[in-house]
Amino acid sequence: MTDSLFSGVFPALVTPFRNGQVDEDAFVALVERQIAGGVHGLIPVGTTGETSTLSHAEHRRVVELCVQTARGRVPVIAGAGSNSTAEAIELARHAKTVGADAALMVTPYYNRPGQEGLYLHYKAVNDAVQLPLLVYNVPSRTSVDISNETLERLSKLPNIVGVKDATGDMVRASFQRLRCGPDWVMLSGDDPSALGYMAHGGHGCISVTCNVAPELCAQFYNDALSGDWAAALQIQDRLVRLHKALFADASPAPTKFALAHLGLCTDEVRLPIAPCSEPARAEVLAAMRDAGLV
């Protein structure tokens, strides 16, 4: 059975800004709120953390701050992906150095490697860094899709432990589980379909919605992991509108708007992401009311 260190819900943490700088106090408070809400781990500087517009120094600082704040209470899986293999190795090495429990590595974007290139990319990181690594497959953002056949090859490497699957493809999940075996960690990266993903053998989710509703998300995954599907479905019905609303505009603008409405940080984002539009704000607020969050 999969290591429980990597099961449950892991918020894809936003990186709060104030006046153009990383708001470290707000970030620490957000991490504490997530841990108090019962989450099973933390994901700093993933896609939702606007890593593509953070400087390398900011990226490293946010990972360090997350590890320092967590203090071992929950595992930290640091975002460390890049479309440069050498840079991905450097970021993974930094994550290990500062005490992260694992690294999350997105498939290389823009340069669109083939399956052999993808395999060799992840193998190079596996060989260079002694740290558990999760492959992040999100073809809608990267324009490349890592196949189950390639994941099966990667699953045989000692440091490649699992996947964050943001495809929303349930059939893929079942075939992947059969190919990669019971020790392969399978985390959804798609909040709306995560209930189905769990039913297909998934172990949890790297969640955007968890930023806004940590207690509800933690309870949802506790219910799903214990096989209480009726209870999980009730929470799904409370949250499904919010799952969708948080992508009513370019992410993470709607999530930051929701957190700002709760008084937890500013809604500031970095270009090319624009502030959340008025129609999206209305949708987010209606969804938060549906979920009982406001």
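The values are calculated or read from the model by the stated rules, or taken from the named source; none is laboratory data. Just so we're clear, the structure is a prediction, and the values are computed from it rather than from any experiment. Every residue, glycine among them, receives a Cβ derived from its backbone with ideal geometry; neighbour counts consider all protein chains shown.
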Open item on the list: Can you pull out every residue in region 108-142 that is part of a helix (DSSP H, G or I) and within 22 Å of Val98 (Cβ to Cβ)?
Closed with: Tyr122, Ala124, Val125, Asn126, Asp127, Ala128
Task: Residue in region 222-232 that is aliphatic (A, V, I, L, M), surrounded by fewer than 24 Cβ atoms within 10 Å (Cβ to Cβ) and within 20 Å of Phe257 (Cβ to Cβ) present - done: no
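For every residue, the table says whether it meets (1) free of Cβ contacts under 8 Å to residues at least 60 places away in the same chain; (2) part of a helix (DSSP H, G or I); (3) surrounded by fewer than 24 Cβ atoms within 10 Å (Cβ to Cβ).
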site: Phe10; (1), (2), (3): no, no, no
site: Thr15; (1), (2), (3): yes, no, no
site: Gly38; (1), (2), (3): no, no, yes
site: Arg61; (1), (2), (3): yes, yes, yes
site: Cys66; (1), (2), (3): yes, yes, no
Task: Number of the exception - Val31 against (1) buried (at least 17 other Cβ atoms within 10 Å of the Cβ); (2) assigned to a loop (DSSP other than H, G, I, E, B) - done: (2)
Open item on the list: Suppose we filter region 244-273 for residues that are farther than 16 Å from Thr51 by Cβ and either modelled with pLDDT under 95 or not charged (D, E, K, R) (or both); how many remain?
Closed with: 15
Task: Test: residue in region 153-163 that is at pLDDT 95 or above, in contact with an Asp or Glu (Cβ under 8 Å, 6 or more places away or on another chain) and closer than 25 Å to Val67 by Cα - done: yes
TODO: Could you figure out which of (1) in a helix (DSSP H, G or I); (2) aliphatic (A, V, I, L, M); (3) under 19 Å from the mean Cα position of the chain (by Cα) isn't true of Leu104?
DONE: (1)
Open item on the list: So, in region 169-201, exactly how many residues are touching an Asp or Glu at 6+ places or on another chain (Cβ under 8 Å), surrounded by 18 or more Cβ atoms within 10 Å (Cβ to Cβ) and of a type outside the set (Phe, Trp, Tyr)?
Closed with: 10
TODO: Can you tell me which residue within region 107-154, out of those that are farther than 21 Å from Leu91 by Cα and of a type in the set (S, T, N, Q), is surrounded by the fewest Cβ atoms within 10 Å (Cβ to Cβ)?
DONE: Ser140
TODO: Would you please list the contacts, defined by Cβ atoms under 9 Å and residues six or more apart or on different chains, that run from a residue in region 267-294 that is free of Cβ contacts under 8 Å to residues at least 40 places away in the same chain and surrounded by fewer than 20 Cβ atoms within 10 Å (Cβ to Cβ) to a residue that is in a loop (DSSP other than H, G, I, E, B) and among the charged types (D, E, K, R)?
DONE: Ala274/Asp249; Pro275/Asp249; Pro275/Asp267; Pro275/Glu268; Ser277/Asp249; Pro279/Asp249; Ala280/Asp249
- [ ] For region 42-83, enumerate the residues that are out of contact with any His (no Cβ under 6 Å at 6 or more places or on another chain) and on the phi > 0 side of the Ramachandran plot.
- [x] Glu50, Arg71, Gly72
TODO: Have a look at Val76, Val63 and point out the one that is in contact with a Leu (Cβ under 7 Å, 6 or more places away or on another chain), modelled with pLDDT of 95 or more and under 26 Å from Gly20 (Cβ atoms).
DONE: Val76
